[in-house]
Amino acid sequence: MNLLTDLFIDGRWRPGADGRRFDVIDPADGSTIAAFAAATEQDCLDAVDAAANAQPGWAATAPRERGEILRAAYEILTAETETFAEIMVRENGKAWADAIGEATYAKEFFRWFSEEAVRIAGDYRLSPAGDKRIVVDRAPIGVSLLITPWNFPAAMATRKLGPALAAGCTTILKPARETPLTAAYVVDVLRRAGVPAGVVNLVTPVPTGPLVKRMLDRPEVRKLSFTGSTEVGRELLHACADTVVSASMELGGNAPLIVLPGADLDVAVEGALLAKMRNGGSACTAANRFYVHDSVHDEFVARFDAALAAIPAGPGLDRANGLGALVSVAERDKVAALVTAAVADGATLRRGGRASEVGAFYDATLLTGVRHGSAITTTEIFGPVTAVVRFDDVDEAVRMANDTIYGLMGYVFGEEREAVSVARRLEAGMVAVNRGVVSDPAAPFGGVKQSGLGREGGSEGITEFLEEKYIALTADGQR
Ligand code: NAD
């Protein structure tokens with residue numbers, strides 16, 4: 001497989017200025033897949049310059065042309081789905097089906113925003129006295145820094161690149177250190193689709209924090225779109241304050257999953273399995289805490305346990321496996337420590353609880369009798385571990401579900417009327433009712449509380465990269 005391992009700046013692949021590289025590891029066996037170029041401060045500032053120089057031309061490019069480039073990128077990704085998925089499996093460790101699912105989801109952002117590019121609406125109003133015209137144009141916000149995590153290395157990049165490019169913004173993509181190969185592949189697809197030099201740039205700064213700050217300090221950078229942990233998000237919001245940069249933040253989650261007394265358990269088990277196990281549990285939307293009503297608890301747990309037992313685990317390149325590796329041994333050990341702490345706090349280990357000796361694998365694990373408030377219910381698990389809390393009062397379940405600083409996602413299973421009423425009471429940007437997955441390019445994705453600011457996808461996603469400009473006209477139409 002031909003992997004791209006350099007930086008992409010001003011339309012050219014090039015190594016870092018000082019030649020340093022870092023290893024990209026296959027978490028399934030610990031082997032080194034590639035040595036990726038480390039970006040120096042000069043590389044990062046070159047990327048800002050390239051994006052700033054390209055900004056006026058890209059903003060002036062016809063929306064239809066921008067849309068057609070995105071559409072061409074979508075077509076390339078469709079033709080190359082297997083290559084796309086394989087790169088993700090190799091550097092991230094996810095199961096093959098999860099990688100195919102992500103490849104499909106990721107490319108849809110290019111198709112969706114190819115269609116949104118030509119629908120950027122302005123506004124026109126009359127002053128209350130009727131003697132002035134108020135014209136509101138929507139203009140691209142400008143050079144955008146896009147920072148993405150490792151768990152969905154493709155979709156988190158396309159969910160930002162799609163709207164930014166459709167809006168007429170030039171971009172600098174900074175992927176996670178664990179997964180630069182997928183990002184490099186996506187950037188090259190855009191190059192092949194016809195994106196002009198300087199419009200998309202890729203840097204992998206080492207050290208990350210100080211060099212990201214150096215880019216944000218440059219006045220040409222007008223937007224930060226970040227997906228990652230709440231901890232790093234907070235730090236970046238402080239950094240954005242210094243140059244008053246507009247920030248969109250997709251941060252951590254701690255999704256509750258509530259099973260109400262009236263739930264259809266076939267639907268609940270199937271949905272809960274997706275909500276928990278998709279991407280091996282490494283999802284910001286993953287169900288982190290299960291609250292299951294006393295009346296259905298034992299039956300739900302028995303069926304869910306049987307469903308977990310049926311998932312084959314192992315390397316993602318073996319397409320039969322439904323559960324792959326975690327992204328790194330460090331992540332695996334974090335998950336293992338949470339399970340150990342939960343058991344010490346009184347939870348029962350019903351299934352799993354074992355880390356692999358080779359590679360970053362962790363068993364599909366089921367804990368029951370979990371205490372609400374224990375570390376496993378307050379920390380993002382980000383792995384294949386299910387923590388079940390039993391409840392007998394729906395108001396109490398809602399209270400526990402909202403008892404968190406996060407507010408990204410929630411899941412409710414139950415008779416539809418009651419489930420929708422509970423969904424309305426959850427403090428979350430998104431709630432799934434009798435469903436295990438919500439992600440859709442046409443939907444506004446994002447969180448409340450400390451899970452984020454702004455929305456991605458839908459018609460809302462492009463507005464994050466646009467700014468209103470009010471043009472005052474006289475009554476006879478002269479600006
Ligand atoms: P992370 O916050 O450690 O890293 C995210 C990105 O920020 C990476 O590119 C990383 O290199 C970079 N980064 C790290 N420190 C930085 C700093 N000081 N300055 C600038 N950039 C820095 O998160 P992660 O471990 O890669 O990803 C997992 C987290 O992402 C989880 O908390 C998960 O919930 C969250 N996430 C959220 C969403 C969402 O849409 N809300 C989606 C996926 C993942």
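The values are calculated or read from the model by the stated rules, or taken from the named source; none is laboratory data. In this text the structure is predicted, and so the values were computed from the model without any measurement. Cβ coordinates were reconstructed from backbone atoms using ideal geometry, including for glycine residues, and neighbour counts include every protein chain displayed. Surface areas here come from the heavy atoms of the whole protein model, side chains and all, with no ligands, DNA or RNA. Shrake-Rupley method; radii C 1.70, N 1.55, O 1.52, S 1.80 Å.
Would you confirm, using the coordinates I've provided, whether ASP403 is open to solvent by 50 Å² or more (accessible area, probe 1.4 Å), in a loop (DSSP other than H, G, I, E, B) and either among the acidic types (Asp, Glu) or more than 25 Å from ALA344 (Cα to Cα) (or both)? Criteria met by ASP403.
Looking only at residues in the stretch 424-479 that are open to solvent by less than 30 Å² (accessible area, probe 1.4 Å) and part of a helix (DSSP H, G or I), the one that is farthest from the ligand (Cβ to nearest atom) is ILE462. Residues in the stretch 199-234 that are within 9 Å of the ligand (Cβ to nearest atom), of a type in the set (S, T, N, Q), over 15 Å from the mean Cα position of the chain (by Cα) and buried (at least 20 other Cβ atoms within 10 Å of the Cβ): THR204 only. Among the conditions (1) open to solvent by less than 20 Å² (accessible area, probe 1.4 Å); (2) part of a helix (DSSP H, G or I); (3) over 14 Å from VAL143 (Cβ atoms); (4) of a type outside the set (A, V, I, L, M), CYS240 misses just one, which is (3). For first residues located in the stretch 459-473 and among the acidic types (Asp, Glu), partners that are open to solvent by 40 Å² or more (accessible area, probe 1.4 Å) and lie 6+ apart or on another chain with Cβ distances below 7 Å form the pairs GLU460/PRO444; GLU468/ARG138. Right, GLY271: within 14 Å of the ligand (Cβ to nearest atom), touching a residue at least 12 places away in the same chain (Cβ under 8 Å), in contact with a strand residue (DSSP E or B) (Cβ under 7 Å, 6 or more places away or on another chain) and not aromatic (Phe, Trp, Tyr) or not? So GLY271 does not fit the description; no.
Listed here are the residues, each with its yes/no results for (1) open to solvent by 10 Å² or more (accessible area, probe 1.4 Å); (2) more than 26 Å from GLY458 (Cβ to Cβ); (3) at pLDDT 95 or above.
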{"residue": "GLU82", "(1), (2), (3)": "yes, yes, yes"}
{"residue": "ALA85", "(1), (2), (3)": "no, no, yes"}
{"residue": "MET88", "(1), (2), (3)": "no, no, yes"}
{"residue": "GLU91", "(1), (2), (3)": "no, yes, yes"}
{"residue": "ILE100", "(1), (2), (3)": "yes, no, yes"}
{"residue": "THR104", "(1), (2), (3)": "yes, no, yes"}
{"residue": "PHE109", "(1), (2), (3)": "no, no, yes"}
{"residue": "TRP112", "(1), (2), (3)": "yes, no, yes"}
{"residue": "ALA117", "(1), (2), (3)": "no, no, yes"}
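Rundown of residues vs (1) surrounded by 22 or more Cβ atoms within 10 Å (Cβ to Cβ); (2) of a type outside the set (S, T, N, Q); (3) within 14 Å of LEU224 (Cα to Cα), yes/no style:
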{"position": "TYR124", "(1), (2), (3)": "no, yes, no"}
{"position": "GLY130", "(1), (2), (3)": "no, yes, no"}
{"position": "ARG133", "(1), (2), (3)": "no, yes, no"}
{"position": "GLY162", "(1), (2), (3)": "yes, yes, no"}
{"position": "LEU173", "(1), (2), (3)": "yes, yes, yes"}
{"position": "THR179", "(1), (2), (3)": "yes, no, no"}
{"position": "ALA183", "(1), (2), (3)": "yes, yes, no"}
{"position": "ASP188", "(1), (2), (3)": "no, yes, no"}
{"position": "ALA193", "(1), (2), (3)": "no, yes, no"}
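The single residue among ARG354, ARG390 that is surrounded by fewer than 24 Cβ atoms within 10 Å (Cβ to Cβ), basic (Lys, Arg) and within 27 Å of ASP294 (Cβ to Cβ) turns out to be ARG390.
Give the stretch 329-351 a look and list any residue that's in a loop (DSSP other than H, G, I, E, B) and either open to solvent by less than 30 Å² (accessible area, probe 1.4 Å) or modelled with pLDDT under 95 (or both), or say none.
Across the stretch 329-351, the qualifying residue is only ALA347.
Of all the residues in the stretch 273-293, those that are in a helix (DSSP H, G or I) and touching a helix residue (DSSP H, G or I) at 6+ places or on another chain (Cβ under 6 Å) number 2. Only one entry in VAL296, VAL370 is crowded, with 16+ Cβ neighbours inside 10 Å and either in a loop (DSSP other than H, G, I, E, B) or without any contact (Cβ under 8 Å) to a residue 24 or more places away in the chain (or both), namely VAL370.
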